[in-house]
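The values are calculated or read from the model by the stated rules, or taken from the named source; none is laboratory data. As the structure is a computational prediction, the values presented were derived from the model and not from experiment. Cβ sites come from the backbone with ideal geometry, for glycine too, and all protein chains shown count toward neighbours.
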Amino acid sequence: MLAYILPKRWLYLTSKPSTQRSQGTGSTNSQPHRAKAAGRIMVNLLTFNMIAIITAVIVVLASIGFFYQQIVLNDLDTDRNAISPYSQSCKVDTNGFILGTCTPVEVATTGAPAWSTIGQRLALEWRAQSSSPYFVTTCIKTKPTNANQVALVLMAGYDGFPQCQPPKGAQEIAGMAMVEATVRDEYPNGAFMLTVFADKTMSDSILHTNSDGTTDMLIANINQTLIATNGSMTVDRLGVNGVHYSVPIGTRYKISIQSYPVVLDITSHIDPNTWWNVGRMSKKAVTMTWDYGHAVANRTELVVLDLVFLFCGTIFISGDYYLTYQGLKGFLARKPVMTYDLAAGMERRKLVLFFWICSRTMSLVYPDVVRVVPGPTTFFWFLSTLLVCSFYICTFAILLGWLSYVPSPFKRVITISLNAMNQLSFLGFETVYMSALPWILENYRQSPQALSLNISGVLHPSGAYANDGQLSSAFSLLFPTSMIIIAICMIMSVSLSTYYHKRKYNSFFLSLEWARTNGFLSHCTMPNWMTGLPLDELKVIKIGNKLFCKPSTQATLGFATVIPAKSAPIVNPANKNEDETYILVSVNSLLLTLASLHLWLPKVFQPKIFGTSTKNEFTSGRGVGLGRDRYVHHRGTCLN
């Protein structure tokens with residue numbers, strides 16, 4: 001999650017009492033402290049802003065049809081440039097293609113049996129006559145959504161061969177047809193799909209509404225036929241050409257991509273400066289195109305779950321937001337404040353990480369959707385990469401936290417700079433994923449084919465995808481690379497942290513032997529193998545033979561201090577009771593406690609007291625609930 005891609009800093013109180021600041025260098029020393037405090041506060045606030053931004057991105061993508069789109073490809077300029085000449089030889093009469101008129105190259109496009117059946121269907125649909133056969137021109141048309149995929153377009157002329165790209169103006173035709181390949185349950189190895197427009201019989205148009213609300217006029221009741229390679233045929237009542245699908249997070253959220261060949265009525269959109277094909281009798285200006293789209297199954301549920309998981313993670317990190325806000329208030333008032341680095345403590349926020357991982361798991365469908373969306377994909381791919389990167393980073397952080405429960409025979413642990421880990425991961429993922437985008441797109445376009453069109457001796461894909469059209473997800477394709485990125489970033493982050501630790505503390509590894517002598521830390525689960533927590537002995541306060549853990553370290557470890565509202569100082573906080581008992585609770589439940597929502601919960605569900613502090617001595621709470629008291633936040637005290 002981008003929410004914890006933060007700079008690594010150690011935690012501290014930004015200033016000392018004013019009597020100390022008045023000494024010689026105190027004022028000077030306070031300036032860098034305040035600068036560091038400002039940096040921590042602003043970066044933590046940026047974390048919460050990123051949560052809001054991600055939420056907005058999810059909502060906006062859902063609202064613009066990112067998860068569902070079905071649109072007729074009606075860019076006429078692109079359509080005219082997508083067609084190229086193939087041959088002008090065939091003639092069609094009542095019985096089909098007149099023997100010997102088609103070139104061997106044309107016949108080889110589908111094979112002789114299928115080609116013969118295509119001719120027979122065209123003769124029937126076009127109402128061809130032996131006394132005046134039609135002149136048939138063949139053209140090659142590429143899909144705007146996939147330049148590797150082609151279709152064979154056949155245009156019939158009354159008096160001569162039509163041109164694939166005629167000069168400016170109208171070109172009269174007797175009919176138009178398009179041949180593609182497809183796969184059906186009854187044709188698992190593929191079949192040819194014939195879509196026909198007949199000038200003599202098709203003059204009606206229907207208004208088609210696209211998923212984005214735009215409309216197009218389509219020729220009604222076009223005829224479509226499935227033709228096997230052996231020449232057998234059936235009427236196609238489904239009308240689907242290319243079908244792809246992927247299941248990055250399971251079949252429940254299956255991503256389907258499909259296209260339907262249609263005949264677009266462009267009569268009302270004629271540009272006199274260009275050319276167009278028009279039926280002599282129907283007076284319809286037409287072109288062959290596709291109704292192309294994709295759909296994520298149960299997409300509403302997907303978006304809702306994504307937002308719910310994100311919201312739950314936000315609820316559990318709201319205590320950190322409150323602590324940061326209190327630090328900001330004190331900072332602006334130039335008071336001593338407690339600031340801490342949220343990134344350093346993310347391995348302790350397992351609930352937050354769990355919900356963020358669930359949220360980001362939902363987002364693993366985004367890269368698969370991006371690669372099939374028509375038009376520019378770079379920006380959407382960039383956003384998807386951020387979400388995928390955050391999935392890996394959150395997963396790494398939670399695994400790092402769980403590693404603390406695995407016993408170790410060693411007395412020292414490896415340190416890691418979580419800041420370096422996060423920043424390097426971000427740069428690594430963006431660099432590698434952005435450079436991999438062309439390969440991902442090409443992998444989609446070059447899907448294995450069950451049946452292809454033979455264009456001049458070269459097999460070209462035309463929609464009959466093998467394996468039922470199943471694609472490897474972008475997540476699985478890039479998984480090995482992603483693991484390498486994470487491994488390299490981890491090694492670099494450990495190396496940087498180890499070098500820093502050796503230089504500053506004269507030791508390569510972090511010793512936690514001292515933590516056993518601290519009552520508070522002895523009740524916390526200390527890391528056993530690797531950590532990003534600031535737990536060096538030199539960072540604690542030492543008085544005599546006792547070591548005291550600072551409030552900032554407590555906050556990093558995931559604990560906040562509260563006191564009963566009835567005992568909170570009102571008039572003069574300086575005259576506080578030195579024997580007052582402070583209560584430590586999980587930062588996850590801090591806002592719930594301060595809002596007194598625990599009063600409405602059954603005892604078994606109430607937030608538990610982690611421990612109490614009296615005269616800086618920690619006592620375990622032993623799982624006792626908060627009871628019926630109301631509480632207010634306290635900055636906390638150093639604990640032994």
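Given the condition in contact with a Leu (Cβ under 9 Å, 6 or more places away or on another chain), more than 29 Å from GLY319 (Cα to Cα), among the β-branched types (Val, Ile, Thr) and surrounded by 15 or more Cβ atoms within 10 Å (Cβ to Cβ), answer yes or no: does some residue in the range 528-535 qualify? Don't jump to the end; show me each part of the working.
Residues of the range 528-535 in contact with a Leu (Cβ under 9 Å, 6 or more places away or on another chain): 528-535.
With more than 29 Å from GLY319 (Cα to Cα) added as a condition, the list becomes none.
No; the residues of the range 528-535 include none that is in contact with a Leu (Cβ under 9 Å, 6 or more places away or on another chain), more than 29 Å from GLY319 (Cα to Cα), among the β-branched types (Val, Ile, Thr) and surrounded by 15 or more Cβ atoms within 10 Å (Cβ to Cβ).
Return the total of residues in the range 454-490 being part of a helix (DSSP H, G or I), aliphatic (A, V, I, L, M), out of contact with any Lys or Arg (no Cβ under 7 Å at 6 or more places or on another chain) and surrounded by 12 or more Cβ atoms within 10 Å (Cβ to Cβ). Steps first, please.
Quick first cut of the range 454-490, residues part of a helix (DSSP H, G or I) only: 467-469, 474-490.
Checking the rest, the ones that are also aliphatic (A, V, I, L, M) come to 474, 477-478, 483-488, 490.
Add one more test, that the residue is out of contact with any Lys or Arg (no Cβ under 7 Å at 6 or more places or on another chain), and what stays is 477-478, 483-488, 490.
Pick out the ones that are also surrounded by 12 or more Cβ atoms within 10 Å (Cβ to Cβ) and you get 477-478, 484-486, 488, 490.
Total satisfying the criteria: 7.
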| task | Report those strands (runs of 3 or more DSSP E) wholly inside the range 82-194 carrying at least 3 residues which are surrounded by fewer than 22 Cβ atoms within 10 Å (Cβ to Cβ) and not assigned by the TED database to the domain that holds GLN446. | result | 83-93, 134-143, 146-157, 169-173
| task | Taking the residues in the range 408-450 that are at pLDDT below 90 and part of a loop (DSSP other than H, G, I, E, B) as candidates, determine which candidate is farthest from VAL150 (Cα to Cα). | result | LYS411
| message | I need the full set of residues from the range 196-229 which are among the polar types (S, T, N, Q), farther than 17 Å from ILE173 by Cβ, surrounded by fewer than 19 Cβ atoms within 10 Å (Cβ to Cβ) and touching a residue at least 60 places away in the same chain (Cβ under 8 Å), in order please. | response | ASN210, SER211, THR214, THR229
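Return yes when PHE479 is in contact (Cβ under 8 Å) with a residue 12 or more places away in the chain and under 19 Å from the mean Cα position of the chain (by Cα) and no when it is not.
Details: in contact (Cβ under 8 Å) with a residue 12 or more places away in the chain: no; under 19 Å from the mean Cα position of the chain (by Cα): yes.
It is false that PHE479 is in contact (Cβ under 8 Å) with a residue 12 or more places away in the chain and under 19 Å from the mean Cα position of the chain (by Cα).
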| message | I'd like the full set of residues that are more than 30 Å from ALA555 (Cα to Cα) and either free of Cβ contacts under 8 Å to residues at least 40 places away in the same chain or assigned by the TED database to the domain that holds VAL136 (or both), limited to the range 31-60. | response | VAL60
| task | Would you check if SER203 is in contact with a Lys or Arg (Cβ under 7 Å, 6 or more places away or on another chain), of a type in the set (Gly, Ala, Ser) and within 30 Å of SER116 (Cβ to Cβ)? | result | yes
| query | Within the range 324-356, how many residues are within 21 Å of THR525 (Cβ to Cβ) and of a type outside the set (Asp, Glu)? | reply | 15
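SER390 - would you say it is buried (at least 23 other Cβ atoms within 10 Å of the Cβ), polar (S, T, N, Q) and closer than 24 Å to ILE41 by Cβ? Full working, then the answer.
Values: buried (at least 23 other Cβ atoms within 10 Å of the Cβ): yes; polar (S, T, N, Q): yes; closer than 24 Å to ILE41 by Cβ: yes.
Yes, satisfied.
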